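This report concerns only the one structure given below.
Where a number appears in this text, it was derived from the coordinates with a stated rule and is not lab data. All of these numbers come straight from a predicted model, not from anything done at the bench. Every residue, glycine as well, gets a Cβ built from its backbone with ideal geometry; the counts of neighbours run over all protein chains shown.
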Amino acid sequence: MEAKKQLNDEYCEYSSKGFYNIFELIFRASEKFYNRIGLNYTHYIGRRYKSQLNNYDIGKNNVWTDDFAFYLNGEYNIFEQVKLFYGGRYYYARYYKTTLSNFSPKLSLVYTPREKLSFKIIYGKSFRIPTYFEKEGYAEKMLGNPNLLPEKNNPFDFIISKKFKKELQFNIDFFSTKIINKNKIERVTYPENPEFKI
């Protein structure tokens, strides 16, 4: 993928390359059980080139990123109107000499008292992997950090869903998300220079 953006007397070039693979297996143990097992792997690199600076401010070190994920998603029909959904995802990434791994489970219960009305309770653990810019960024007063860890959080949702027509659906979502402070991804002041962010 390549793209260009004109900025007055300079321009930015964005480019990325790599390969992406995904494999999925679907199976039913019975009429009540439905499961999907998947595996995906990516190997990629991305860059942003600024013409006036004559260097890459992202991807300048020519380092590739490897991501690997194994996941399971399934459902179980407890009763005709009640379904249990479950899942989990194991993630592994390698960047420079840093490796990241994490397992995120998810569980939800759906009650459908009527054909077009449902109530959902969803709970799980999730994480956000640092973006390529957050790892590789290079600017006048900002520097990427290749050692950033995933941002972990515990989300909880209660959703009321109502369908009026085939093309129209109305949702009310009550949610809570708790981010673990020590794993929060944010820009901080560089100790040796208060005007510089990392």
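Which of the residue pairs Lys32/Lys165; Lys116/Lys178; Lys106/Lys178 have a Cα-Cα distance greater than 22 Å in the structure shown? In this structure, Lys32/Lys165; Lys116/Lys178 exceed 22 Å between Cα atoms. Near Lys163, once Lys and Arg are set to +1 and Asp and Glu to -1 for all other residues with Cβ below 12 Å from its Cβ, the sum equals +3. Peptides 65-75, 163-173, ordered by how many other C-beta atoms sit within 10 Å of their residues on average, highest first, read 65-75, 163-173. In plain terms, the residue of Glu31, Glu134 with the fewest other Cβ atoms within 10 Å comes first and the most crowded comes last, giving Glu31, Glu134.
Shown for Ser176, Ser108: other C-beta atoms within 10 Å of each C-beta, ranked fewest to most, produce the order Ser176, Ser108. Of Thr98, Thr112, the sequence from fewest to most neighbouring Cβ atoms within 10 angstrom is Thr98, Thr112.
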